[in-house]
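Q: There's a structure below that I have some questions on.
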Amino acid sequence: MAEPLLRMNNIHKAFGATKALSGVNLEVYPGQVHILAGENGAGKSTLMKVLTGVHPADEGKILFLGRPFYASHPKEALQNGIAMIYQEFNLALHLPVHANVFLGHEKSGHGVIQFQHQRDATREIFRRLDSDVDPNALVSRLGVAQRQLVEIARALSVDAKLIIMDEPTAALSDKETQKLFEVIRALQQQDVGIIYISHYLEEFGEIGDMISVLRDGELVSCVPMSDVTPDLIIQQMVGRKIEDLYPKHEHVLGDVVFTVEDLKSPNGTVQASLEVCSKEIVGVAGLVGAGRTEMLRALFGLDPAEMKLLQVLGVMVLPPSPRRLMRCGVGLLSEDRAGEGLAQGLSIAANMTLSIPEKISRFGFLSFSRQRELADSLIKKVGIKASSSAQRINQLSGGNQQKVALARLLGADAKVLLLDEPTRGIDVGSKAEIYKLVTALAGEGKGIVMVSSYLPELFGMCDSLYVMARGRLSRKYRIDEIDADGVMALATGIAADASVTPSVRG
Amino acid sequence: MDQKSWWDHAVSRMLWLSGKVGPLFALFVVLLIFGSISPDKFFSTLNLGNVVGQTAVIAIAAIGMTFVIISAGIDLSVGSLVALAGVYATMTMVKVAEMMPGHILIPIAAGIVVGLLTGALCGLINGAVITMGRLPPFIVTLGMLEILRGTALQSADGLPITRLPRGFSQIGNAMWTIPVGNTVIYLPYALLILIPLAILAWFLLKYTVFGMQVYAVGSNEQTARLCGVNVTKVKILVYIIGGITAGLAGILHASRLNSGQPSEAVGMELDIIAAVVVGGGSLMGGEGSILGSVVGALIIRFLRNGCVVVGVSPFVQRIIIGLIIIAAVFIDQLRRRKLSEE
């Protein structure tokens, strides 16, 4: 094989007393997709930050294109051919695509931007990627998948030899993911090296050539993708064997606790009817943007919608408002943990008790001791790792933040939990704990709605499944009535019904 | 421990300390600087008493502004509202005194009630337009700044309202004189308004459900809504509180001038906002404290007074105050960055 594009040798990095990286090696060859796996906090991000010049390494050598490489700033890394595409895109929403692609290195003559030049160059880049994005379109009008292409195009516009992708498929539907893989393969053909960071194990085999697994800042393994199985990867990531990621459960369903009939959003984009029993975990599958979040928001009263019926434990709740639904025992876990789910600047205790002022106050006066007691008991119940209930949310890891958000619903004694992407962006270990918790809650008799874009999770957890496609919710399927192919057929609108006999289930 | 880490350690200790007692420390420094330049004049008990009296107007309005700023709002109309409330309060006093010759207390009381109601009503308008109209607070209150100023000038015909009931000017100007040894301490009557108000506001913010909700709305409005907090109600209440305190400040200001001046207090909103910000309030919402804002008001007043006492030109005075505002926020940002790193 050719010379490696990138060689990182014996990289050490410590923040104060915490060792973030100890002696990590990484080699990436041209045209190779190198997967970087590991739990949150394993050191993936730090390693990439060292490479792109966000943090300097304490020790170690980096060779890029055969020469010693050191970037003091991400811009310097980019100019030298290393581009990083973050999970949260860095795009100027109000500018057109071509301006975003050439942001910071505009094609200009005497300080005047040559728009035609830029447009043509942008079009040419998209041709290389075998995709059609209009160079003149405003980025704010583009979907997530297309925005990502703009990011990739920006990397190519400076002729990047190495592209780092951080969780590129987290916000993509399966179809869009396939499209991204085609783009990645096109990049491989052009000898671009890719470092691919992801939580989605089943993608690895499809796209990866090599895989490096990090754990606690150390390189655990670096092998060709063909030599490992998903189970082995998980084992290496968490350092122990996770026998059952999804806890086994056999719920004998109770009475119906939550009914929605003929929900209709004002512009008619979302239409749904839904029923949940006690002890039942109901999954809602669908492509990103199908309207699942909109449905949950509407029936929680956060967005306006019409409904024929909204019943919680036999009580009519119309029109819905967050306050009213919570009083009746419904809780919503937001998909947007940072933007909506939690107040980042406030303490764990304040976040947990924000929805239940009546439990921590008398005549409008707060009792801090009661707030602390309540928060402490919830921290214990859901297993949050924190120094105290006074700790601020933004000092917690993603998994622990999500547990705080979940604990808030429990603190409010929710009988019906509406969970929107409960495991998005958290590591495998935390995922397993959340699965366990949700299953236990169902066992206690709660009804659970779980919206997820991650099919294995839905099939692992749920008793029954709805599929949403273009704002329309399907009928309810028992989990043994439908398989992954059936869900995709429904979600993409190929089929209107997708029952399979249990024996055919894949 | 090597040189650099020792320095880092010292800096982070200082920043930690500044987060705990920052505004108080800054006030101490201000007092120390001017006190050392001109101890006799600056530290004369009469001067100190005077400054505290002057501070009361801004501090009272800053207390209300603290609620607004914690909720991630802003109220630019308070300066105009101080003038308008003063004008309406004094107009009422004059009218009622005409109707009831010989009475002093009733006209003054009526004037105070009208002044407070003016503040509450204007706050309600601010809050209602911002929440129902879904408009940015900056724009709404900027518009109200003009509207209220115009209303004040129009109502008073552009002229000061004078011939107020005797005794009204006592509220803002009079001081108790307490002999201590061979000197005398001057305590302005205005403290009787400021201190209870500050304690009440502090309690409201810290120990009530409403206070918690103000912080929550400012920290993340979406989260508050998700948690069933009536965001509209909280915001309207916050602007009403801001309006009432501005009304109170207006009455006190009119008392100090012994007249209702429709063209007074121009730009005072900036001093008030500066007091909150210097006192640790964040314009992004979610942070701020009553004690901080009151101390912030004292810092700004003592700076102005100190400059006058030691003979700094009023022009340079403004430059210094501008620098202090930026420095205060800069230190606060440093502290926060350090905090999020740890």
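The values are calculated or read from the model by the stated rules, or taken from the named source; none is laboratory data. If you're wondering where the values come from, they're calculated on a predicted model, not measured in any experiment. For neighbour counting, all protein chains shown are included, and Cβ atoms are generated from backbone atoms with ideal geometry for every residue, glycine included. Remember, those area values only see protein heavy atoms, side chains included, never the ligands or the DNA or RNA. Shrake-Rupley method; radii C 1.70, N 1.55, O 1.52, S 1.80 Å.
Q: Using alpha carbon coordinates only, what is the Rg to Rh ratio of chain B, with Rh defined as the Kirkwood radius?
A: 1.00
Q: May I ask for the angle, rounded to the nearest 10°, between helix A:428-443 and the longest principal axis of chain A, with both axes built from Cα atoms and the value confined to 0 to 90°?
A: 10
Q: Still on this structure, I have one more. When the Kirkwood radius is taken over all Cα pairs of chain A, what Stokes-Einstein diffusion coefficient follows at 37 °C and 0.692 mPa s, in µm²/s? If you can, show how the numbers build up before the last one.
A: Numbers: Rh = 24.7 Å.
It diffuses with D of about 133 µm²/s by this estimate.
Q: D for the protein assembly as shown, whole µm²/s, Stokes-Einstein with Kirkwood Rh over alpha-carbon pairs at 37 °C and 0.692 mPa s: what number?
A: 106
Q: Are there DSSP H segments in chain B that both extend 18 Å or more along their axis (alpha-carbon positions) and score a mean Kyte-Doolittle hydropathy of at least 0.5? List them, or say none.
A: Details: long enough: B:3-37 (35 Å, 0.89); B:45-70 (35 Å, 1.73); B:78-99 (31 Å, 1.35); B:105-132 (40 Å, 2.04); B:137-155 (26 Å, 0.99); B:191-207 (23 Å, 2.28); B:231-257 (39 Å, 1.30); B:290-310 (30 Å, 1.83); B:314-341 (41 Å, 0.78).
Helices passing the filter in chain B: B:3-37, B:45-70, B:78-99, B:105-132, B:137-155, B:191-207, B:231-257, B:290-310, B:314-341.
Q: May I pose another question? State, as an integer percentage, the relative contact order of the range A:245-505 based on alpha-carbon contacts under 8 Å between residues 6 or more apart. Present the calculation step by step, with values, prior to reporting the outcome.
A: Details: 514 pairs, mean separation 72.9, N = 261.
Over the range A:245-505, the number comes to 28 percent.
Q: Follow-up question, since we're still on this one. Got a number for carbon plus sulfur as a percent of the protein assembly as shown's accessible area, 1.4 Å probe? Numbers along the way, then the final one.
A: Details: 22190 of 38110 Å².
Percent of accessible area from carbon and sulfur atoms in the protein assembly as shown: 58.
Q: For the range A:215-310, take N as its residue count and report Rg(C-alpha) divided by 2.2 N^0.38 Å.
A: Here the answer is 1.68, to two decimals.
Q: Then there is this: What is the angle, in °, between the Cα long axis of helix A:144-157 and the longest principal axis of the Cα atoms in chain A? Nearest 10 is fine, range 0 to 90.
A: Long axis of A:144-157 versus the principal axis of chain A: about 10 degrees.
Q: Which ³J(HN,Hα) values, rounded to whole Hz and listed in residue order, are derived for the range A:378-383 from phi using the Karplus coefficients 6.51, -1.76 and 1.60 in 6.51 cos²θ - 1.76 cosθ + 1.60 with θ = phi - 60°, glycine and proline given as x?
A: 6, 4, 5, 5, 9, x
Q: Might you report the magnitude of the Cβ-based charge dipole of the range A:130-197 about its Cα centre, with Lys and Arg at +1 and Asp and Glu at -1, to the nearest 20 debye?
A: Numbers: 7 positive and 11 negative charges, 19 e Å.
Charge dipole of the range A:130-197: 100 debye, to the nearest 20.
Q: Going by average Cβ density within 10 Å per residue, which order do the peptides B:92-105, B:313-326 take, highest to lowest?
A: Listed from highest to lowest mean packing, they are B:92-105, B:313-326.
Q: Once you treat every alpha carbon in the range A:6-241 as an equal point and sum by Debye, what is log10 I(q)/I(0) at q = 0.09, 0.11, 0.15 Å⁻¹?
A: Each listed q corresponds, in turn, to -0.38, -0.57, -1.03.
Q: What per residue convex hull volume, in Å³, do the alpha-carbon atoms of the range A:360-506 yield?
A: 146
Q: Over the Cα atoms of the range A:245-505, what Rg and Dmax result, in angstrom?
A: Using the Cα atoms of the range A:245-505, the pair Rg, Dmax is 18.1, 60 Å.
Q: So which residues of the range A:330-344 lose at least 50 Å² of accessible area, probe 1.4 Å, when you go from the chain by itself to every protein chain present?
A: Flagged in the range A:330-344: A:340.
Q: Looking at A:111, A:9, A:144, which one has the Cα that reaches farthest to the positive end of the dipole of the range A:6-241 (charges on Cβ: Lys, Arg +1; Asp, Glu -1)?
A: Projecting each Cα onto the dipole axis, the largest value belongs to A:111.
Q: Keeping every protein chain in place, order A:464, B:263 by accessible area at 1.4 Å, biggest value first, i.e. largest first.
A: Output order, biggest surface exposure first: B:263, A:464.
Q: Please compute the modelled spin-label separation between residue A:2 and residue A:494, points set 7 Å along Cα→Cβ, answer in nm with one decimal.
A: Label-label distance for residue A:494 and residue A:2, simple model: 3.7 nm.
Q: Next question, about the same structure. Using only alpha carbon pairs under 8 Å that are at least six residues apart, calculate the relative contact order of chain A and give it in whole percent.
A: On the way: 991 pairs, mean separation 73.6, N = 506.
Answer for chain A is 15 percent.
Q: Also: What is the interface area between chains B and A, defined as buried accessible area summed over both chains with a 1.4 Å probe, reported in Å² to the nearest 100?
A: 2000
Q: Hey, another quick one. Note down the accessible area of residue A:316, probe 1.4 Å, to the nearest 10 Å².
A: Accessible area, nearest 10 Å²: 100 Å².
Q: Beyond 24 Å, what share of the Cα-Cα pairs of the range B:224-342 remains, rounded to the nearest whole percent?
A: Cα-Cα pairs of the range B:224-342 separated by over 24 Å account for 43 percent.
Q: Could you tell me the extents of the range B:155-293's C-alpha atoms along the three principal axes, largest first, rounded to whole Å?
A: So the extents along the principal axes, rounded to whole Å, are 56, 50, 23.
Q: From largest accessible area down, sort A:269, A:293, B:232; use a 1.4 Å probe on the protein chains. Don't skip to the answer; put the middle values down first.
A: Details: A:269 75, A:293 30, B:232 55 Å².
Greatest to least solvent exposure: A:269, B:232, A:293.
Q: Work out the mean other chain Cβ neighbour count within 10 Å for the residues of A:350-360 and drop it here as an integer.
A: 4
Q: Using the Cα centre of the range B:38-334 as origin and beta-carbon charges of +1 (Lys, Arg) and -1 (Asp, Glu), tell me which of B:161, B:251, B:94 is placed farthest towards the positive end of the dipole.
A: So the residue we want is B:94.
Q: Using mean Cβ contacts within 10 Å as the protection proxy, how do A:334-341, A:351-358, B:216-223, A:62-69 order, highest first?
A: Values: A:334-341: 19.5, A:351-358: 23.6, B:216-223: 25.2, A:62-69: 14.9.
In decreasing order of mean packing, A:334-341, A:351-358, B:216-223, A:62-69 become B:216-223, A:351-358, A:334-341, A:62-69.
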